[in-house]
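**Q** Right, I'll just put the structure down here and ask away after.
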Amino acid sequence: MPETENQISKTILVVDDEPRILAALKELLERQGYQVAAAGDAAGGLAALRQRMFGVIISDHLMPDMSGLDFLVECQRIQPNASRVLVTAVLSLPTLVDAINKGEIYRFIAKPWLREELLATVRNAVNRHELLTQNQRLLAESSELNRRLTDANSAYARQIIQLEAQSHSLDEANQELGRRYDYSLELCSRILATYDPYLAGQTQAIAAVARQMCASEHFTDEERHVLKTSAWICDLGLIGVSREVLRSFRREPASLTERELAGIHSHPIYSQTLAAHLDSRSHVGETIRAHHERFDGTGYPDGLAGQAIPWTARCLAVAVWFVECGRPSGQALEEVTAQAGKALDPEAVRLFRATTHLSPLPRSVREIMLDDLSPGMVLAGGLYSPHGMLLVGEGQSLSSGTISKIRSHNLMTPITQRLLVYS
């Protein structure tokens, strides 16, 4: 079983050519708990050094085959960590000091030695060996850790290079995907233009209005993408309707048969199906499907009402209504405003008016949405219920309680009029 560092440090080699002294030293040190090996000459000591490890080597100086100093110098070569102690009565002090300074010996003991001095020297020699071996072990562990750290850093650097390359490739792929996406939208626009130029013109106008609405802070990035994309392809399903039926629907809707009208009313579903091939986001399809739903629940294809209609679909419905009514912008704006709370979400109408700036306002007045109301604002026009009851008078400063009441009333009975406040 291999010896531990602590056991090696407490293992002592004693070399002396006088048997009586050798036996006395061995007995003294063993009583102190040390493991002691004895050799009667330098040759025997060197042989012992080649067989096992020692923490301390104690040698007499005057020996017949080799001086103690020369012996300890040789010991330094074989076991450099061992603490070497020379016992002498004749060697000059300058020589001993020089040997200590050169590291050839750790200490020397003058003959005749004092028991306590000898034991103290041995204890210090053992401690020295323990420190040396611990330091070497820690240095080896530190070197190993540094090596592992260097390897890890190298591996990390390689991974960083790979990740940067992958990121670059991903950026290029995303850019290419974006180009293909834009190209797909353009292709859809060209298909509409080829099938029905008037329909393509309407689509471009709807997309322009949606883009203006998206400039507000009332959308997340995802909602902006959904609204812009849906505006381009919401009527793609109309390519399944004959041109004659489309022209009749624009000029005289009442002349259509039930089957022809059902085809018109089904186009949001067809558009949703076609859109899935271009954009797999479910919200895009849901917005397209619901863009002809009415706020009052009488729209198509699913008869959704109020908040059940996706927010982006309610906004798209305003843009579609504004464009498809086919009137000059002033009259179209009036019609959109008149449909607030009926076909259209009043909040979406307010957003449309605020972002398109089609309705001129005095410089000191601005139009806001219901969600924008904040304490301290002063109304530039009174708020009335659909039955004509005054809710909040013109010039009134809004408090938190008043705003809460306005919003609660809107949940029960939508407020359809414009919200104007002084700047």
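Just so it is clear, none of the values below were taken in a lab; they were calculated from the coordinates. In this text, all values refer to a predicted model and were calculated from it rather than measured experimentally. Don't worry about glycine lacking a Cβ; one is built from the backbone with ideal geometry, like all the others, and counts go over all protein chains shown.
**Q** Quick one: grab the alpha carbon gyration tensor of the range 363-423, order the square roots of its eigenvalues as a ≥ b ≥ c, and give me rounded if a/c is under 1.5, else prolate or oblate depending on whether a/b is larger than b/c.
**A** It comes out prolate by the Cα gyration axes.
**Q** Follow-up question, since we're still on this one. For the range 298-330 and the range 66-108, what is the centre-to-centre distance using only Cα atoms, to the nearest Å?
**A** Using only Cα atoms, the two centres lie 102 Å from each other.
**Q** Another question, if that's okay. Could you point to the label whose value was computed as Cα extents along the principal axes in Å for the structure here, given [x] 80, 60, 39; [y] 135, 55, 36; [z] 63, 46, 45?
**A** [y]
**Q** Shifting gears a bit: Check GLN396: other-chain or 5+ apart residues with amide H under 5 Å from its amide H, H built from backbone geometry?
**A** Close amide H contacts, sequence-distant or interchain: LEU379.
**Q** Same structure again: Just to check I understand the Karplus step: with θ = phi - 60° and J = 6.51 cos²θ - 1.76 cosθ + 1.60, what whole-Hz values come out for the range 396-412, glycine and proline as x?
**A** For the range 396-412, the Karplus curve yields 7, 7, 7, 9, 4, x, 5, 4, 4, 5, 4, 5, 5, 4, 5, 5, 7 Hz.
**Q** Once phi is turned into θ = phi - 60°, what whole-Hz ³J(HN,Hα) does the Karplus curve with 6.51, -1.76 and 1.60 give for every residue of the range 367-381, x standing for Gly and Pro?
**A** 9, 10, 9, 4, 5, 7, 4, 9, x, x, 5, 10, 5, 9, x
**Q** Now for a separate question. Counting alpha carbon pairs within less than 8 Å and at least 6 residues apart, what relative contact order, in whole percent, applies to the chain?
**A** Reported as a whole number, the value is 8 percent.
**Q** By per-residue mean of other Cβ atoms within 10 Å, what is the highest-first order of 161-167, 38-44?
**A** 38-44, 161-167
**Q** Something else about it: Would you mind ranking LYS405, LYS10 so that the residue whose beta carbon has the fewest other beta carbons within 10 Å leads the list?
**A** LYS405, LYS10
**Q** While we're on this one: Just to confirm the filter: which trypsin sites (Lys or Arg not before Pro) across the range 68-116 are DSSP coil and have at most 15 other Cβ within 10 angstrom of their Cβ?
**A** LYS102
**Q** Further question on the same structure: For a quick check: with amide H placed at 1.01 Å from N, whose amide H comes under 5 Å from ARG418's, ignoring anything fewer than 5 positions away on the same chain?
**A** Distant-sequence amide H within range of ARG418: zero hits.
**Q** For CYS188, CYS75, CYS234, what ranking results if the residue with the fewest other Cβ atoms within 10 Å of its Cβ goes first? Can you show the working numbers first?
**A** Details: CYS188 20, CYS75 23, CYS234 30.
Fewest to most other Cβ atoms nearby, the residues stand as CYS188, CYS75, CYS234.
**Q** Mind ordering 116-127, 142-153 by average Cβ neighbours within 10 Å, highest first?
**A** 116-127, 142-153
**Q** Another question, if that's okay. Considering only DSSP beta bridges with both partners in the chain, what is the antiparallel share in %, to the nearest 5?
**A** On the way: 8 of 27 bridges.
The antiparallel fraction comes to roughly 30 percent.
**Q** List the residues, sorted by chain then number, that are 5 or more residues from LEU344 or on another chain and whose placed amide H is less than 5 Å from its amide H.
**A** For LEU344, the qualifying residues are PHE295.
**Q** Provide the per-residue ³J(HN,Hα) series for the range 129-145, in order, calculated from phi with Karplus coefficients 6.51, -1.76, 1.60 and θ = phi - 60°, each as a whole number of Hz, with x at glycine and proline positions.
**A** Values, residue by residue: 5, 4, 5, 4, 5, 5, 4, 5, 5, 5, 5, 5, 5, 4, 5, 5, 5 Hz.
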